[in-house]
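In what follows, a structure is listed as structure tokens, so that the remarks can point back to it.
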Amino acid sequence: MSPGKVLQPVLKMKVDELFLCWLSQPATQLTLKDCLRRIKNEEEVETGHGDTGNDKNERLANKNSNSKQCVLGDPRLPLSFSPPQLSTTLPLATPASPRNISNVRATRRSSGTRVVQTKKEETLPPPLSQNIPTFYFPRGCPKEKVNIDAVIAKIERTFSEFPNERATLEDMGKVAKACECPLYWKGPLFYCAGGERTGYVSVHKFVAMWRKILQTCYDDAAKFVHLLMNPGCNYLVQEDFIPFLQDVVNSHPGLSFLKEASEFHSRYITTVIQRIFYTVNRSWSGKITCNELRKSNFLQNVALLEEEADINQLTEYFSYEHFYVIYCKFWELDTDHDLYIDRKDLARHNDHAISNRMIERIFSGAVTRGRKAQKDGKISYADFVWFLISEEDKKTPTSIEYWFRCMDLDGDGALSMYELEYFYEEQCQKLDNMAIEPLPFEDCLCQMLDLVKPQYEGKITLHDLKRCKLTNVFFDTFFNIEKYLDHEQKDQFSMLRDGEGESQEVSDWEKYAAEEYDILVAEEAASDQWNDGYEAELNPVDHQKANVLKYQMEKRPFFEMPSHLADVDLDEYDYEEDFE
């Protein structure tokens with residue numbers, strides 16, 4: 001877009017969005033169903049306060065009748081009636097005057113014996129849209145019974161327990177409970193009230209901040225976004241989560257062993273942020289809105305941080321074991337340890353299981369953020385988090401979208417037979433090198449079409465793949481040779497049965513992370529036994545601590561972030577390159 005042009009909102013798109021939102025409301029659907037039922041039963045359907053159709057037709061007929069009488073005159077007038085003759089003594093130019101012509105016409109109309117009365121304009125009923133209740137609440141639906149003054153009084157009583165009515169970050173746990181928030185909202189509450197500048201929050205400043213939030217934000221999602229977002233925004237970007245997650249690292253008992261390795265805080269924080277956006281940011285925009293946060297289970301997991309002392313039990317976002325697996329896999333590929341990997345590095349993943357054509361698509365920018373993948377031919381650790389989770393669990397909505405973007409070469413929103421053949425050709429070459437006779441593409445295509453059952457002939461859409469329960473088999477067939485051979489050795493019906501039975505239990509990613517973590521622990525234990533010369537029982541926490549300390553001086557941190565944010569201005573640090 002040229003610099004002179006200004007983006008203009010499209011009114012129709014917003015109206016369509018609001019209409020669909022209204023149409024999806026349960027009350028609206030009940031009303032429509034009731035109207036359809038009445039129409040089928042030939043009952044009278046109320047259309048609001050407006051007139052019925054018959055009254056409308058009556059008024060229209062009367063209006064037409066009156067207008068005809070005005071134009072043609074009363075039909076009861078005598079046929080011999082004729083208008084009076086104009087005087088011939090007027091100047092010749094006068095008849096051409098518009099004013100005199102209008103007077104003549106007025107004289108002719110008013111000379112009849114019937115007096116035409118002007119019809120009074122009827123007051124139109126209010127439009128039916130005024131009767132539709134408000135249904136769009138971007139900041140949450142307002143609650144009727146919320147006593148803000150009582151909440152503020154409770155907060156003031158809590159602050160009165162602190163010296164000079166000032167709360168530090170360590171005191172904010174009590175304040176969070178007074179605000180009726182989960183415990184680990186204490187960091188966002190502290191920073192939003194300006195505590196990072198002075199090291200404390202006064203009661204007056206906090207009350208003013210929280211009263212404003214209560215008056216404008218009506219649910220937890222809107223409040224959380226308001227606490228973390230930058231001024232003037234209504235969404236969250238990746239950097240907004242850093243202070244919140246740093247407080248979790250500093251204060252959660254399940255991460256206490258990380259206090260001795262502050263350099264690893266940034267790696268863990270980066271991993272958690274990528275997992276948050278991987279799951280919550282369904283629009284792929286890089287901006288989490290209130291609506292996206294409201295539809296996710298992230299805030300429920302934040303509340304569980306208080307109840308669960310073992311951080312590894314929170315497998316969706318905060319698990320340290322999952323971070324450990326991801327980081328170790330990345331460390332194996334990053335041979336020069338510059339925290340970036342190129343095409344050759346990624347090709348070594350899982351013993352060259354991923355096809356080169358798919359690796360080229362990953363580095364093309366189809367699923368990576370920023371320009372480094374296209375410009376320098378490298379992806380960051382943040383990009384690798386998305387890759388590894390998508391590679392090991394191809395059944396989630398985000399992973400399906402990830403690989404669909406890679407396979408959609410022309411970006412037309414559908415996978416054509418040409419695109420499928422393009423990726424399958426390399427699979428055939430690998431099978432030939434392994435002395436395995438590949439299945440002809442035509443036969444493979446028939447199998448995949450039977451598996452996916454696309455809605456339209458000749459192409460496979462994203463919607464088709466999301467309906468399929470064996471998307472992992474579909475994707476592995478075209479770009480992962482190892483998993484493709486594993487699927488070929490299994491019975492398709494057994495795979496389908498397993499997919500249906502385990503859909504609500506442990507995900508493929510959780511299985512993979514648990515297995516890999518056990519392998520890494522065993523390898524580390526064997527290494528320690530070899531080095532120390534005696535057999536020792538390895539505690540998982542000691543194992544994590546040992547490995548954290550083992551690498552801490554060898555790696556460049558993603559974020560130059562100290563442990564205490566209260567004494568630091570976050571603007572001094574550049575985090576953008578890790579979130580590109």
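The values are calculated or read from the model by the stated rules, or taken from the named source; none is laboratory data. Values in this document were obtained by computation on a predicted structure and should not be read as measured data. Note that each Cβ is placed from the backbone with ideal geometry, even for glycine, and that neighbours are counted across all protein chains shown. For accessibility, only protein heavy atoms count, side chains too; no ligands or nucleic acids. Shrake-Rupley method; radii C 1.70, N 1.55, O 1.52, S 1.80 Å.
Can you give the accessible area of Val367, probe radius 1.4 Å, in Å² rounded to 10?
10 Å²
What's the FRET efficiency of Thr28 with Ala522 using the Cβ-Cβ distance as r and R₀ = 56 Å, to the nearest 0.05?
After rounding to 0.05, the efficiency reads 0.45.
For Asp338, project a label point 7 Å along Cα to C-beta. Then give me every residue of segment 355-370 with its amide nitrogen under 12 Å of that point.
No residue qualifies, since no backbone N sits under 12 Å from the label point.
What accessible area per residue, rounded to a whole number of Å², is obtained for segment 120-272 using a probe radius of 1.4 Å?
Heavy-atom accessible area per residue stands at 50 Å².
Which of the pairs Lys12/Lys375; Lys40/Lys143; Lys14/Lys295; Lys33/Lys453; Lys143/Lys295 have their Cα atoms more than 27 Å apart in this structure?
Lys12/Lys375; Lys40/Lys143; Lys33/Lys453
Apply the Karplus parameterisation 6.51 cos²θ - 1.76 cosθ + 1.60, with θ equal to phi minus 60°, to every residue of segment 431-440 and state each ³J(HN,Hα) to the nearest whole Hz, in sequence, with x for glycine and proline.
Here the 3J(HN,Hα) series is 5, 4, 5, 8, 6, 10, 6, x, 6, x Hz.
If a/c stays under 1.5 just call it rounded; otherwise compare a/b with b/c (prolate if a/b is bigger, oblate if not). Do that for segment 186-296, with a ≥ b ≥ c from the square roots of the Cα gyration tensor eigenvalues.
Note, shape of segment 186-296 comes out oblate.
Is the shape of segment 179-246 rounded, prolate or oblate, going by the alpha carbon gyration tensor and its root eigenvalues a ≥ b ≥ c, with a/c under 1.5 for rounded and a/b larger than b/c for prolate?
rounded
Could you state the per residue volume, in Å³, of the convex hull enclosing the Cα atoms of segment 330-490?
114 Å³
Probe radius 1.4 Å, ligands and nucleic acids ignored: give me the carbon and sulfur share of the accessible area of segment 330-490 as a rounded percent.
47 percent
Show the residues, 5+ positions off or on another chain, whose built amide H is closer than 5 Å to the amide H of Leu415.
Here Ile460, Thr461 satisfy the definition.
Treat each spin label as a single point 7 Å out from the Cα along the C-beta direction, and report the Leu462 to Asn356 distance in nm.
Here the answer is 3.0 nm between the modelled labels.
If each residue of separation counts as 0.36 nm, what is the full-extension length gain between Glu425 and Gln313 once their alpha-carbon separation is subtracted?
36.1 nm
Sticking with the crude label model, points 7 Å out along Cα→Cβ, report the distance from Arg211 to Ala150 in nm, one decimal please.
1.9 nm
Identify the chymotrypsin sites (Phe, Trp or Tyr not before Pro) of segment 356-435 meeting these criteria: DSSP loop state and at most 13 other C-beta atoms within 10 Å of the C-beta.
For chymotrypsin sites (Phe, Trp or Tyr not before Pro) across segment 356-435 that sit outside H, G, I, E and B with at most 13 neighbouring Cβ atoms in 10 Å, the list is empty.
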